[in-house]
Amino acid sequence: MTNTWYLYLFFAAALVFAGLLGLLGKRNLIKLFIAIEVIGKGISLLLLSTGFAKANILTAQALVITYIVIEVSLVATALALIINVYRTTKSLDIRGLTKLKG
Amino acid sequence: MILQTALLIGLVLFSVLAIAFRDLLKSAIALAVSSLLLGIIFFGMDAPYAGVFEISVVAGLITVLFILTIALTKSGDEVRESRLVNWVFPLVFVAFLVIDALVMRGLLGKVPALASGAESGTFGDVLWRGRTFDLVGQIAVILAGVFAVLALFRKRDKHD
């Protein structure tokens with residue numbers, strides 16, 4: 001069981017790192033948010049695999065479902081913000097937001 | 001286990017594609033496929049409720065929200081990404097995979113399993129009785145999201 005856990009940890013870390021690379025390198029706001037979603041996938045995989053390895057799958061499921069609900073709320077708010085940014089700057093380029101500096 | 005590993009590889013592959021694709025619509029679809037694979041992985045870990053939520057909410061609803069946003073910001077995919085990043089991203093990612101594999105191999109069996117009591121009851125017992133306050137938090141988060149979207153899309157007054 002523990003060996004299986006390490007396999008899941010390996011892939012969860014890969015997902016989190018891919019998301020971090022995307023956050024660091026991309027300039028499109030929607031792309032940046034997709035990168036955040038990928039990090040979220042890694043975290044939910046980590047939560048559930050740990051619950052699976054420790055025979056606590058029910059609690060892990062409850063946590064993952066809570067996380068998914070939070071994720072939906074976050075996505076709705078963030079995408080609404082992105083649309084408003086697009087209306088203001090006519091672009092999805094993150095560099096355009098530097099004009100908002102005070 | 002082979003099926004589970006294949007699904008995990010597919011999950012990482014489609015997630016990386018979601019970040020790497022230039023076309024935003026392709027990115028959103030790749031993200032939906034990776035959510036679908038994650039849902040199937042959850043089913044394989046005896047977590048059907050989390051799997052159903054992942055497939056229906058994340059692969060379904062969130063993808064629709066992404067596609068809607070992409071449609072509303074049509075000219076948004078003209079953002080020029082750095083060429084250097086397109087070259088560096090795969091190299092750094094592969095290097096990380098190698099380091100990750102070595103670290104996990106080194107840790108294998110060294111981290112002691114945390115003591116955990118055996119669970120009893122059904123998923124409903126755990127969710128409704130054990131994690132009651134999570135549900136209160138979920139309701140609060142949903143309400144916060146609804147109010148945030150309403151605030152962001154409210155009509156402008158004539159005085160503004």
(message) Give the average, rounded to an integer, of partner chain Cβ atoms located within 10 angstrom of each Cβ in B:39-45.
(response) 4
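What ranking, highest mean first, results for peptides B:12-23, B:99-110 when packing means the other Cβ atoms within 10 Å averaged over each residue?
Working: B:12-23: 20.2, B:99-110: 12.3.
Those peptides, ordered most packed to least, come out B:12-23, B:99-110.
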(request) Quick one: among A:ILE43, A:ILE83, A:ILE30, which has the greatest mean-square fluctuation in a GNM of chain A with alpha-carbon springs under 10 angstrom? (result) A:ILE83
(message) Excluding same-chain pairs closer than 8 in sequence, count the lysine pairs in chain A whose Cα atoms lie under 28 Å apart.
(response) 11
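Give the shape of chain B as rounded, prolate or oblate, defined through the alpha-carbon gyration tensor: a ≥ b ≥ c are the square roots of its eigenvalues, a/c under 1.5 means rounded, and otherwise the shape is prolate if a/b is larger than b/c and oblate if not. Before the final figure, lay out the partial values.
On the way: a/c = 2.16, a/b = 1.13, b/c = 1.91.
Note, shape of chain B comes out oblate.
Per-residue mean of other chain beta-carbon atoms within 10 angstrom of the beta-carbon, peptide B:25-35?
Working: counts 0, 0, 5, 3, 0, 1, 5, 0, 0, 4, 3.
Neighbouring Cβ atoms belonging to other protein chains average 2 per residue here.
Anything in chain B that counts as a DSSP H helix reaching 15 Å or more along its axis (C-alpha) with Kyte-Doolittle mean of at least 1.6? List them, would you?
Membrane-span-like by this rule: B:2-20, B:24-44, B:83-107, B:132-152.
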(message) Which one, B:ILE40, B:ALA6, B:ALA95, is farthest towards the positive end of the dipole of the protein assembly as shown when Lys and Arg carry +1 and Asp and Glu -1 on their Cβ?
(response) B:ALA95
(message) If the elastic network links every pair of Cα atoms under 10 Å, which of B:LEU91, B:LEU25, B:LEU11 fluctuates the most in the Gaussian network model of chain B?
(response) B:LEU91
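None of the figures in this text is laboratory data; all of them are computed from the coordinates on show. All values derive from a computational prediction rather than experimental measurement. Every residue, glycine among them, receives a Cβ derived from its backbone with ideal geometry; neighbour counts consider all protein chains shown.
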